[in-house]
Amino acid sequence: MTFLRKPDKCRKQAIAPMVTWPNRGTGISIRNVASKTFTPLLLISFALAILVFVTPWVVGNVDTKATTTIITFLVFLWIAIVLYAFIRLKKRGLWFLLGTPFILFWFFVPPT
């Protein structure tokens, strides 16, 4: 069984034979897989960035050390997701940097 087809007789002989893949029609491609991982990761990234931004107001001034610990944990989790997106999605991973202002806000304005 061969997966190579010979070109049609009406085509020029200089055309290389066309290749048909055994799993053709299954809908699995690199583009489909990348788009299926892009949207959920982007939403999780934005949710984490907004959660980091809102956490000091939700927790309040009860415990500054606990607030800082929670923020730091969420920031490291966000960084891990962004690095994974850069490795997996290449240039499309740049969209994950849109949450950066929310992440960096509390590093410049520490919770009181």
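The values are calculated or read from the model by the stated rules, or taken from the named source; none is laboratory data. Just so it is clear, the structure is predicted and the values come from calculations on it, not from any experiment. Heads up, the Cβs are rebuilt from the backbone with ideal geometry, glycines too, and the neighbour counts pull from every protein chain shown.
Table for the structure above
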item	result
In the stretch 64-100, residue nearest to LEU41 (Cα to Cα) [restricted to those that are small (Gly, Ala, Ser) and in contact with a Ser or Thr (Cβ under 9 Å, 6 or more places away or on another chain)]	ALA85
Some residue of the stretch 98-107 being at pLDDT below 85 and part of a helix (DSSP H, G or I)	yes
Residues within the stretch 83-107 that are touching a residue at least 24 places away in the same chain (Cβ under 8 Å) and within 10 Å of the chain's Cα centre (by Cα), tallied	7
